[in-house]
Amino acid sequence: MAGKGGGLTHTATEAGIMVKTLRILGMSAALLALAGCPPTYPKCESDDHCKDKGEVCVQGQCQECATDANCKEGFVCDANKCVPKPECTGDTGCGEGKKCKQGKCAVATESKPECSAADDCPSGQGCTNGKCVASNVSTACTFEPVRFDFNEYNLNSTVQSTLASYADCIKKGSLRFTLEGHADERGTDEFNMVLSQKRAASVRKYLVDLGVSGGALDTVGYGENKPASNGSGEDAWATNRRVEFKKR
């Protein structure tokens, strides 16, 4: 009986050791689970997780750099990448006669001026410091057609006064026009065509004499082919004997 009891005691001891061992293993597994596995590259929680790659941890990702201090001499950190340090970041760092272009100082080249005179610019723009800029034109510059006496292309005093005000507007506004001459229906087609051309040329000459650039004014004659009034009679004929200002 004693021998039998001794065997039971030995078995109980072994069972106790196994239970303790299992408890220790369980606790170790629990500790490992609590500690967690290190994150997989390029994910990180600290710089230690990136040091094998020579990188640093930036917002949970391994990156080449976070600041310039992480880069070697002559390089800076740009978007978490070490790039060569730019020669300049603005024109002031380049000295006289040079400009900063894409991080490098380059000799400044003078740009060709857009214009040298108002004639180089579109209608309604003037030339200021080599650039075409919008001109201020008075609302009084209506450029209504000027009219002529029967069979005449010479300018009467009323037309001359009107053209004088138009000349100031054209020069101030750097405007350009095509002067379109017209005639009434009386006379032959050939005569009226020549007369309409002379009327346009007469207006142009007077404006040029007042200082308007000749390059700002073109002329064309339409004879009786483009009447402003389709009626017949003195009123209609007087309306059709005209020169119109067409801006271009």
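Bear in mind that the values in this text are calculations on the coordinates, not laboratory data. Please read all numbers here as calculations on a predicted model, not as lab measurements. Note that each Cβ is placed from the backbone with ideal geometry, even for glycine, and that neighbours are counted across all protein chains shown.
For region 129-238, the Cα-based Rg and Dmax, in that order, read 15.3, 53 Å. The listed peptides 64-76, 170-182, 48-60, ordered by packing as a protection proxy, come out as 170-182, 48-60, 64-76 (highest mean of other Cβ atoms within 10 Å first). Each label point was placed 7 Å from the Cα along the Cα-to-Cβ direction; for E152 and Q61 their separation is 8.5 nm. Solvent-free Debye calculation, one equal scatterer per alpha-carbon of region 47-107: log10 I(q)/I(0) at 0.13, 0.15, 0.24, 0.28 Å⁻¹ equals -0.45, -0.54, -0.88, -1.04. Rounded to the nearest whole Hz, the Karplus-based 3J(HN,Hα) values (6.51 cos²θ - 1.76 cosθ + 1.60, θ = phi - 60°) of region 165-175 follow the sequence 5, 5, 4, 4, 5, 5, 5, 5, x, 6, 8, with x at glycine and proline.
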